[in-house]
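Asks: Sharing a structure here in structure tokens format.
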């Protein structure tokens with residue numbers, strides 16, 4: 001072990017959610033973190049004598065932090081469309097450790113010429129490369145597919161590290177041109193998400209199931225509605241006839257999400273589901289939005305909570321080629337400590353989710369650093385995390401002991 005590398009050991013976990021859909025619960029009750037990455041997962045034997053900082057979670061559940069696959073970021077921790085300041089820092093309190101930009105579309109009077117489109121993607125990617133509100137990792141810099149972009153443009157942007165593209169915010173003269181831009185992005189390793197449903201912006205276009213199948217993006221964005229859901233037969237066809245990822249979001253239709261889950265089960269395509277919030281939007285600024293989606297799908301969709309959690313963590317990481325999302329050796333130590341909230345009839349976090357209750361967030365760690373302890377926005381946990389010795393972290397503001405959350 002390299003000298004002076006910080007060692008943090010998380011002990012006494014009642015349950016470990018892995019973030020891996022194929023094996024959603026991990027064995028053990030201890031996680032050793034070295035230099036901000038997971039070094040071992042298992043029983044007390046992995047603690048190595050518990051040198052460094054020891055975090056006793058007192059029987060609560062430890063899971064990989066959630067990844068919001070559809071976030072409306074722009075520049076800084078601010079979104080002009082909803083006049084929201086500091087929303088990303090608050091989403092960390094909702095157990096979200098990473099977000100993926102849905103496209104920096106909310107710039108007022110956003111220009112659509114070729115050079116501006118490329119420049120916006122570059123600017124956003126560079127701006128967010130090292131800016132991390134509350135520790136939040138922001139994956140941004142989205143090429144908004146627009147007539148006039150060329151294959152060489154895509155190659156150039158990919159060489160500069162741009163890895164995201166979005167269809168649905170420009171009118172193409174014909175389907176062939178739009179499809180070619182999607183393919184040009186994909187040939188360069190850029191993940192393409194397509195808007196689904198009715199338009200949300202003045203320059204947006206409606207995208208139904210047939211158009212999605214013609215375009216062939218990697219991800220059907222907010223396929224359960226944003227703002228309008230697709231027809232039931234159309235989404236069933238998407239499940240049966242394509243291999244694209246199916247993004248279910250909090251701001252969409254819960255009814256449509258449940259229809260999609262039924263189709264996914266029938267097709268054996270559970271590994272194609274990913275979760276997001278599609279916020280901030282007119283629906284609101286929702287720090288607990290992703291937790292609410294996990295609770296709704298677990299309770300109403302008859303999905304095991306550990307598997308639903310994987311849809312919001314490891315499956316998102318896989319879809320976008322990100323690090324994190326799993327309790328695995330070598331992965332970033334991005335962890336959430338969750339439990340049934342105070343007053344719940346459930347025995348643990350999974351029991352709360354199965355009932356449709358939002359779990360308490362007792363702690364959030366990002367890259368081995370405790371950022372939240374406890375959450376200022378979730379229901380109160382029944383236990384408190386014990387740390388010895390106390391490690392430096394971002395102190396949450398004092399939370400009121402009465403009133404709504």
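Asks: Would it be correct to say that residue 135 is within 30 Å of residue 348 (Cβ to Cβ) and surrounded by fewer than 18 Cβ atoms within 10 Å (Cβ to Cβ)?
Replies: Numbers: within 30 Å of residue 348 (Cβ to Cβ): yes; surrounded by fewer than 18 Cβ atoms within 10 Å (Cβ to Cβ): no.
Against the criterion (within 30 Å of residue 348 (Cβ to Cβ) and surrounded by fewer than 18 Cβ atoms within 10 Å (Cβ to Cβ)), residue 135 does not qualify.
Conditions tested, residue by residue: (1) assigned to a loop (DSSP other than H, G, I, E, B); (2) touching a residue at least 24 places away in the same chain (Cβ under 8 Å); (3) out of contact with any helix residue (DSSP H, G or I) (no Cβ under 7 Å at 6 or more places or on another chain).
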{"position": "55", "(1), (2), (3)": "no, yes, yes"}
{"position": "69", "(1), (2), (3)": "no, yes, no"}
{"position": "76", "(1), (2), (3)": "yes, yes, yes"}
{"position": "89", "(1), (2), (3)": "no, yes, no"}
{"position": "98", "(1), (2), (3)": "no, yes, yes"}
{"position": "106", "(1), (2), (3)": "yes, yes, yes"}
{"position": "110", "(1), (2), (3)": "yes, yes, yes"}
{"position": "117", "(1), (2), (3)": "no, yes, yes"}
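Asks: Follow-up. Quick check: is even one residue across the range 251-271 in contact (Cβ under 8 Å) with a residue 40 or more places away in the chain, surrounded by fewer than 22 Cβ atoms within 10 Å (Cβ to Cβ) and in contact with a strand residue (DSSP E or B) (Cβ under 7 Å, 6 or more places away or on another chain)?
Replies: Taking every residue of the range 251-271 in turn, none turns out to be in contact (Cβ under 8 Å) with a residue 40 or more places away in the chain, surrounded by fewer than 22 Cβ atoms within 10 Å (Cβ to Cβ) and in contact with a strand residue (DSSP E or B) (Cβ under 7 Å, 6 or more places away or on another chain).
Asks: If you take the residues of the range 163-183 that are in a loop (DSSP other than H, G, I, E, B) and closer than 25 Å to residue 281 by Cβ, which of them is modelled with the highest pLDDT? Step through it out loud before you land on a result.
Replies: Step one: list which residues in the range 163-183 are in a loop (DSSP other than H, G, I, E, B), which gives 163, 168-174.
Adding the requirement that they be closer than 25 Å to residue 281 by Cβ leaves 163, 168-172.
On the way: 163: 98, 168: 94, 169: 92, 170: 91, 171: 91, 172: 94.
Here the answer is 163.
Asks: Taking the stated definitions as given, is residue 50 touching a strand residue (DSSP E or B) at 6+ places or on another chain (Cβ under 6 Å), modelled with pLDDT under 95 and either at positive phi or assigned to a strand (DSSP E or B) (or both)?
Replies: Details: touching a strand residue (DSSP E or B) at 6+ places or on another chain (Cβ under 6 Å): yes; modelled with pLDDT under 95: yes; either at positive phi or assigned to a strand (DSSP E or B) (or both): yes.
Taking the combined requirement at face value, the residue satisfies it.
Asks: Something else: Could you tell me whether residue 240 is at pLDDT 95 or above, more than 20 Å from residue 103 (Cβ to Cβ) and crowded, with 16+ Cβ neighbours inside 10 Å?
Replies: Details: at pLDDT 95 or above: yes; more than 20 Å from residue 103 (Cβ to Cβ): yes; crowded, with 16+ Cβ neighbours inside 10 Å: no.
No, not satisfied.
Asks: (1) touching a helix residue (DSSP H, G or I) at 6+ places or on another chain (Cβ under 6 Å); (2) touching a residue at least 40 places away in the same chain (Cβ under 8 Å): which one isn't true of residue 36, the others all being true?
Replies: Checking residue 36 against (1) touching a helix residue (DSSP H, G or I) at 6+ places or on another chain (Cβ under 6 Å); (2) touching a residue at least 40 places away in the same chain (Cβ under 8 Å), the one that fails is (1).
Asks: Do we find a residue being assigned to a loop (DSSP other than H, G, I, E, B), closer than 16 Å to residue 169 by Cα and modelled with pLDDT of 95 or more anywhere in the range 295-302? First the steps, then the outcome.
Replies: Let us first name the residues in the range 295-302 that are assigned to a loop (DSSP other than H, G, I, E, B), namely 301-302.
Subsequent filtering for residues that are closer than 16 Å to residue 169 by Cα retains none.
Scanning the range 295-302, I find no residue that is assigned to a loop (DSSP other than H, G, I, E, B), closer than 16 Å to residue 169 by Cα and modelled with pLDDT of 95 or more, so the answer is no.
Asks: Have a look at 330, 314 and point out the one that is closer than 26 Å to residue 190 by Cβ and either crowded, with 18+ Cβ neighbours inside 10 Å or assigned by TED's automatic domain parsing to the domain that holds residue 189 (or both).
Replies: Numbers: 330 fails: either crowded, with 18+ Cβ neighbours inside 10 Å or assigned by TED's automatic domain parsing to the domain that holds residue 189 (or both).
It is 314.
Asks: Within the range 191-208, can you find the residues that are more than 13 Å from residue 252 (Cβ to Cβ) and surrounded by fewer than 22 Cβ atoms within 10 Å (Cβ to Cβ)?
Replies: As a first pass, look at the range 191-208 and keep what is more than 13 Å from residue 252 (Cβ to Cβ): 191-194, 199, 201-208.
The answer is 191, 199, 201, 202, 203, 204, 205, 206, 208.
Asks: Have a look at 360, 336, 346 and point out the one that is farther than 20 Å from residue 30 by Cβ and touching a residue at least 12 places away in the same chain (Cβ under 8 Å). Break it down into steps so the answer makes sense when it comes.
Replies: Numbers: 336 fails: farther than 20 Å from residue 30 by Cβ; 346 fails: touching a residue at least 12 places away in the same chain (Cβ under 8 Å).
Within the list 360, 336, 346, the selection yields 360.
The values are calculated or read from the model by the stated rules, or taken from the named source; none is laboratory data. Predicted model, so just to flag it, every value in this text is computed and none were measured. Glycine gets a Cβ as well: all are built from the backbone with ideal geometry, and neighbour counts include every protein chain shown.
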